[in-house]
Each structure stands twice: as structure tokens, then as C-alpha cells.
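For reference, the structure discussed in these notes is given below.
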Amino acid sequence: MKILGAILAGGASTRFGSDKALALFAGKPLLQHAIDALAPQVDTLVIVGRDWPGQTRIDDLPAAGMGPIGGLCGALAHGLLHEFDTALVAPCDTLGLPADLVARLSPGPAVAQGQRSIGLWPSNLAPALLARLTSGDSRALHVWVETTEAREVDCGPLHNINHPDDLG
């Protein structure tokens, strides 16, 4: 199985008050923590929605500003185009991503319990998601999870960063 890793990093960080991806935890940016957690588990890693040194950038689809579901759509489309079987997707603002995330979520579609933006998705779902997002149907990630009947899996304690105080 050929796995694409995709880190969602194009958000506006409005609740956080500054660029969350650059916020430091234990001396390194949150985005780097996500890279370090996902890179050993995938064949290729991309960053969705922003440039990052040494990494390939891809864009949200069908457009920026759609939230995590636009990043997921961009990742799945990239995965399908480049013949990846599946995409492991996670946001840049979650600490504690386990080293066996792929194993826990396999087979996809599956998402982390309580953290639906962390998931393992078959790349062949890209056309259906793009059609959904361009048709005016719900853009809510939880609706997509329900539509695809993605399993919710216990992935251990995950720490989502929404405010600077969450880093302490």
C-alpha cells in the first residue's frame, strides 16, 4: 500500500491569535511536530495550504478557505493523481500523534475519535469529495465522515492546540 501523508496547515488561526503552525512547543514549531510524527509512517509527505522548507506544498480544493475538508480534498486529489492508495491526513496543531497511526486507522476510511481531521482515507474518494464540495452540499467534515461511513478509532490521547494557553 502506497501512503501519502498530508498535514493540514492552511488555517487562519483566528482563535489562536497568531500563526499556529509556527507556535513553538518544546522548542520547535507545531508544524514540525506533525512532520516528525507523520513522515516515518508514509511514503511521501506534503503540506496542505502553506509553504514549508524542504516539503512539497499542495493547495486546498476546490479553493482555499473551506477549512479542513478543503485540505482533505486537496490531499485526496493529489494522492489519486500520483497513484497513492491512501492518504494519512492530520492537522498541524495536534500533538501526540501516535507512531502507529496508520496501523490504528487501517483500513480506511477511518478517523481519530474526537479528532475527525485526523484520518486515513482511500485516495479514490477524491472525485466524490470534490463533487460534494462543488455542488453546494454540506462542507462540514463530520457530514463527510458520516457519508463515507468512516470508522472512529481510539488513537490515544491527542492534544489539539486552539489557544496559546494550550501549549503550556
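The values are calculated or read from the model by the stated rules, or taken from the named source; none is laboratory data. This is a predicted model, so every value here is computed, not measured. Note that we place each Cβ from the backbone using ideal geometry, even for glycine, and neighbour counts take in every protein chain shown.
Structure notes:
- Counting only residues that are assigned to a strand (DSSP E or B) and modelled with pLDDT of 90 or more, segment 1-60 holds 16 of them.
- Of residues in segment 149-168 being of a type outside the set (Asp, Glu) and assigned to a strand (DSSP E or B), the one nearest to the chain's Cα centre (by Cα): Asn160
- Residue under evaluation Cys73, criteria (1) of a type outside the set (S, T, N, Q); (2) in a loop (DSSP other than H, G, I, E, B); (3) closer than 26 Å to Gly156 by Cα, criterion not met: (2)
- Residues that are out of contact with any strand residue (DSSP E or B) (no Cβ under 9 Å at 6 or more places or on another chain), surrounded by 14 or more Cβ atoms within 10 Å (Cβ to Cβ) and in a helix (DSSP H, G or I), drawn from segment 129-148: Leu130, Arg132, Leu133, Thr147
- Subset tally (residues that are closer than 28 Å to His163 by Cα and either hydroxyl-bearing (Ser, Thr, Tyr) or assigned to a helix (DSSP H, G or I) (or both)) for segment 76-101: 2
- Taken over segment 112-128, the residue count meeting the criterion of being surrounded by 13 or more Cβ atoms within 10 Å (Cβ to Cβ) and assigned to a loop (DSSP other than H, G, I, E, B) is 1.
- Members of segment 57-101 found to be under 16 Å from Thr44 (Cβ atoms), aliphatic (A, V, I, L, M) and surrounded by fewer than 16 Cβ atoms within 10 Å (Cβ to Cβ), listed by number: Leu81
- Number of residues in segment 42-54 that are surrounded by 18 or more Cβ atoms within 10 Å (Cβ to Cβ) and under 10 Å from Gly5 (Cβ atoms) equals 4.
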